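Remarks on the structure that follows.
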Amino acid sequence: MAVLKVLVYPDERLRQKSQPVMKFDEFLLNFVGDLEETMRLGPPSVGIAAPQVGRFERIILVDVSCKPEIKNHGRLVMINPEIADKEGNVVGREGCLSVPDYTGNVSRWERIQVRAFDESGARQTYDMEGFEARAVQHEMDHLNGLLFLDRLVSRRDGLFRRKVYGKRP
Ligand SMILES: [Zn+2]
């Protein structure tokens, strides 16, 4: 496995739309392994999307289990994800490996039902809410070339400068 280089804003490639995955094979599994290593060994992060490492396919990884007080599904690999149902709105703070110097307040669906393939090609459906639902929506935006910066609730006071986006201890 390998840690991949993460594209950083304002890299134009982050604006590119990603294509559906057509083939579930060992190359996909290897890539998911590399993507996961990149997420886990870099600055603390609860999700990553393939286009952030320059691979424009509809693959995201989310794992919010580091916050055990939050309802979650553990490690999630979602391929060609689609939001099938959604409900409610909630504003919360988001950060991004590709926008290391800022965090921002963004409004998201509070509860979602997501349909996706897992890495073995099996269809899955997940009902989720709160922080995990937020993380999935954030990562799905990357697949369409969108960043949290595009969704700030306010340009004037919705953006916050990070002091240090530190390494893991
Ligand atoms: Zn992001």
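Answer with yes or no whether SER98 is among the small types (Gly, Ala, Ser), within 11 Å of the ligand (Cβ to nearest atom), at pLDDT 95 or above and under 17 Å from ILE60 (Cα atoms). Spell out the reasoning first.
Working: among the small types (Gly, Ala, Ser): yes; within 11 Å of the ligand (Cβ to nearest atom): yes; at pLDDT 95 or above: yes; under 17 Å from ILE60 (Cα atoms): yes.
Here the answer is yes, as SER98 does meet what is asked.
Go through region 17-33 and report how many residues are of a type outside the set (Ser, Thr, Tyr) and buried (at least 16 other Cβ atoms within 10 Å of the Cβ).
Our first condition is that a residue be of a type outside the set (Ser, Thr, Tyr); within region 17-33, this holds for 17, 19-33.
Filter once more, keeping what is buried (at least 16 other Cβ atoms within 10 Å of the Cβ): 21, 28, 31-32.
Of the residues in region 17-33, 4 are of a type outside the set (Ser, Thr, Tyr) and buried (at least 16 other Cβ atoms within 10 Å of the Cβ).
Taking region 17-51 as the search range and keeping residues that are over 18 Å from GLY74 (Cα atoms) and touching a helix residue (DSSP H, G or I) at 6+ places or on another chain (Cβ under 6 Å), which one is nearest to the ligand (Cβ to nearest atom)?
Filtering region 17-51 for residues that are over 18 Å from GLY74 (Cα atoms) and touching a helix residue (DSSP H, G or I) at 6+ places or on another chain (Cβ under 6 Å), the one nearest to the ligand (Cβ to nearest atom) comes out as PRO51.
To keep it simple, each residue is scored yes or no on (1) loosely packed, with under 14 Cβ neighbours inside 10 Å; (2) in contact (Cβ under 8 Å) with a residue 60 or more places away in the chain.
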{"position": "ALA84", "(1), (2)": "yes, no"}
{"position": "GLU87", "(1), (2)": "yes, no"}
{"position": "SER98", "(1), (2)": "no, yes"}
{"position": "ASP127", "(1), (2)": "yes, no"}
{"position": "GLU132", "(1), (2)": "no, yes"}
{"position": "MET140", "(1), (2)": "no, yes"}
{"position": "GLY145", "(1), (2)": "no, yes"}
{"position": "LEU152", "(1), (2)": "no, no"}
{"position": "ARG155", "(1), (2)": "yes, no"}
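Looking only at region 52-84, which residues are farther than 13 Å from MET128 by Cβ, at pLDDT 95 or above and over 10 Å from the mean Cα position of the chain (by Cα)?
VAL53, GLY54, ARG55, PHE56, GLU57, ARG58, ARG75, VAL77, ILE79, ASN80, GLU82
Of (1) under 18 Å from PRO44 (Cα atoms); (2) at pLDDT 95 or above; (3) buried (at least 16 other Cβ atoms within 10 Å of the Cβ), ALA116 satisfies all except one. Which?
Unmet condition: (1).
Can you find even one residue in region 39-47 that is surrounded by fewer than 19 Cβ atoms within 10 Å (Cβ to Cβ), over 22 Å from ARG134 (Cβ atoms) and out of contact with any Pro (no Cβ under 9 Å at 6 or more places or on another chain)? Steps first, please.
So the first thing to find is which residues in region 39-47 are surrounded by fewer than 19 Cβ atoms within 10 Å (Cβ to Cβ), and the list is 40-44.
Adding the requirement that they be over 22 Å from ARG134 (Cβ atoms) leaves 41.
Then keep just the ones that are out of contact with any Pro (no Cβ under 9 Å at 6 or more places or on another chain); that gives 41.
Within region 39-47 (the criterion being surrounded by fewer than 19 Cβ atoms within 10 Å (Cβ to Cβ), over 22 Å from ARG134 (Cβ atoms) and out of contact with any Pro (no Cβ under 9 Å at 6 or more places or on another chain)), the answer is yes, since at least one residue qualifies.
Mind checking which residues of region 3-17 are over 18 Å from ALA135 (Cα atoms) and in contact (Cβ under 8 Å) with a residue 40 or more places away in the chain? Let's see the steps before the verdict.
Here is the first cut: in region 3-17, the residues over 18 Å from ALA135 (Cα atoms) are 3-5, 7-13, 15-17.
If the condition is that a residue be over 18 Å from ALA135 (Cα atoms) and in contact (Cβ under 8 Å) with a residue 40 or more places away in the chain, then LEU4, LYS5, LEU7, VAL8, TYR9, ASP11, ARG13, ARG15, GLN16, LYS17 are the ones that fit.
Within the bounds of region 107-130, is there any residue that is within 11 Å of the ligand (Cβ to nearest atom) and either within 14 Å of the chain's Cα centre (by Cα) or among the aromatic types (Phe, Trp, Tyr) (or both)? Please lay out each step first, then the result.
Taking region 107-130 as the starting set, the residues that turn out to be within 11 Å of the ligand (Cβ to nearest atom) are none.
Among the residues of region 107-130, not one is within 11 Å of the ligand (Cβ to nearest atom) and either within 14 Å of the chain's Cα centre (by Cα) or among the aromatic types (Phe, Trp, Tyr) (or both), which makes the answer no.
In region 55-76, what residues are surrounded by fewer than 21 Cβ atoms within 10 Å (Cβ to Cβ) and part of a strand (DSSP E or B)?
Passing the criteria: only GLU57.
Pairs please, first residue from region 22-46 and part of a loop (DSSP other than H, G, I, E, B), second anywhere and among the aromatic types (Phe, Trp, Tyr), Cβ atoms under 7 Å, 6+ apart in sequence or on different chains.
PRO43/TYR165
The values are calculated or read from the model by the stated rules, or taken from the named source; none is laboratory data. As the structure is a prediction and not an experimental result, all values here were calculated from the model. Here the Cβ is made from the backbone with ideal geometry for all residues, glycine too, and neighbour counts use every protein chain on show.
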